[in-house]
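Below is one structure; the comments refer to it alone.
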Amino acid sequence: MDVLTGMTIFVAVVENSSLAGAARHMNLSPSVVSKQLSALEDRLGVRLLNRTTRRVSLTEVGAAYYERCKRILADVDEAEAAVSTAHSSPRGLLKITAPSTFAHRHVAPHLPGFMDRNPEVQVQMLVADRLVDLVEEGVDLAIRIAQLKDSSLIARKLAPNHRKLVAAPDYLAKWGTPIRPDEVNDHALITLQPGSPINDWHFVVDGQETIVRARGTISTNHGDSILALALSGAGLAMLAAHVVGEHIKSGRLISVLDEYVREDVPIYAVYPSNRHLSPKVRAFVDYLVEVYGPRPYWLDYMTGGLVASDAAD
């Protein structure tokens, strides 16, 4: 059987809640839909749907397969759209969203360069630290810094996002530099508010992952406040390299325990899978990939070449 046809019919059955509905949607006979679905299950050796005379429901394995089918079919649609729009110039309103710390530092400064290349595009940027519903709010593309869960969104990695444990030189001169991760909680720490998973700091000690649950002497709800406190000498802070890179380069902050810290929450561009990737979105994503490069400019403070995790990206 044609695997993509089987996937397409399976997705149509799920989204129309019945074989008959899928048949009407695809302009096929119910018997063809039923045979294709049975052939797909036979090929996989699993039951994807529970069927009754009135309705169908996903099995547990069927639910997982459905999400992956949607992603694969979206990729196929995108590939076809890329061919058909290859010679179309980007134009129209591009609506994007990004979290505040990254938007101000690494998106907004690059918008003029993008628009110089694409004069027929107008950009509207929503700066938001909440999770924006792209479809509901009509947003074309989001920049997200997270370990992405399975979803209907298509993601493209823009850059690694290592975090660094940093402190001001005055703080370290007064209180000393931690030598091992188990010394961290003996220091004054600046963290997000209690309960945030970001306060679990990840290290590798003797080949084993170790998590230090940072107990903040001062806690706040925003990364820029943590940065300001670290610069003032209030204590140790774990912050993204894209936030602290320039301050490490200038000497206003010093990174510590570099050989132990293992923090990387990648930066992605995401967009809804039910839309073709339009020329304006493709152009913007390609532009950011070019600007950031395989080793982002905010890592310029590192003089020893790529770290191991950079080289792997």
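Mean-square fluctuation check for the chain, GNM, Cα pairs under 10 Å: which of 13, 127, 244 is largest?
Of 13, 127, 244, the most mobile in the Gaussian network model is 13.
What is the sum of charges, Lys and Arg at +1 and Asp and Glu at -1, for the other residues whose Cβ falls under 15 Å from the Cβ of residue 100?
On the way: positive: 105, 130, 144; negative: 129, 224.
Its environment carries a net charge of +1.
Below 17 Å, Cα to Cα, which lysines can residue 280 reach? Residues fewer than 8 away in the same chain don't count.
95
Given the Cα atoms of the range 141-282, and with Rh set as the inverse mean 1/r over their pairs in the Kirkwood sense, what is Rg to Rh to two decimals? It would help to have the intermediate numbers written out before the result.
Values: Rg = 17.1 Å, Rh = 16.4 Å.
We get a ratio of 1.04 for the range 141-282.
For the range 214-230 and the range 253-268, write down the distance between their C-alpha centroids in whole Å.
That distance is 16 Å.
Would you mind checking the range 219-257 for residues with the amide N under 15 Å from a putative spin-label position 7 Å along Cα→C-beta of residue 174?
Answer for this model: 229-237.
What FRET efficiency, computed as 1/(1 + (r/R0)^6) with R0 = 22 Å and r the Cβ-Cβ distance, is obtained for residue 250 and residue 221, rounded to the nearest 0.05?
On the way: r = 26 Å, r/R0 = 1.20.
Rounded to the nearest 0.05, the efficiency is 0.25.
Under the 0.36 nm per residue contour assumption, what length would be gained going from the current alpha-carbon distance of residue 147 and residue 4 to full extension?
Details: separation 143, 0.36 × 143 = 51.48 nm, distance 2.84 nm.
In short, 48.6 nm is gained.
Would you mind telling me which residue in 45, 223, 62 has the biggest mean-square fluctuation in a Gaussian network model of the chain, where springs connect alpha carbons within a distance under 10 angstrom?
Among 45, 223, 62, the largest mean-square fluctuation in the Gaussian network model of the chain belongs to 45.
Convert 25 °C to kelvin, take the viscosity as 0.890 mPa s, use the Kirkwood radius over C-alpha pairs of the chain as Rh, and evaluate the Stokes-Einstein diffusion coefficient in µm²/s, rounded to a whole number.
108 µm²/s
Pairing the Cα long axis of helix 279-292 with the longest principal axis of the chain, what angle in degrees results, from 0 to 90 and rounded to the nearest 10?
Once rounded, one gets 30 degrees.
With springs connecting C-alpha atoms under 10 Å apart, model the chain as a Gaussian network and identify which of 298, 175, 201 has the largest mean-square fluctuation.
Looking only at 298, 175, 201, the biggest GNM fluctuation is shown by 175.
Under 13 Å Cα to Cα from residue 35, which aspartates and glutamates show up? Leave out anything in the same chain fewer than 8 places away.
2
Give, in nm to one decimal, the length gained when the segment between residue 186 and residue 128 is fully stretched (0.36 nm per residue of separation minus the Cα-Cα distance).
Between residue 186 and residue 128, full extension yields 17.4 nm more.
Could you give the alpha-carbon Rg of the range 1-110 over 2.2 N^0.38 Å, rounded to two decimals?
Numbers: Rg = 19.4 Å, N = 110, 2.2 N^0.38 = 13.1 Å.
Computed over Cα atoms of the range 1-110, the ratio equals 1.48.
What fraction of the DSSP beta bridges in the chain is antiparallel, stated in percent and rounded to the nearest 5? Walk me through the numbers on the way to the answer.
Details: 28 of 42 bridges.
Roughly 65 percent of the beta bridges in the chain run antiparallel, per DSSP.
Values quoted throughout were computed directly from the atomic coordinates according to the rules given, and no laboratory measurement underlies them. Note that the structure is predicted; figures quoted are calculated from it, not measured. Here Cβ is always computed from backbone atoms with ideal geometry, including for glycine, and neighbour counts include all displayed protein chains.
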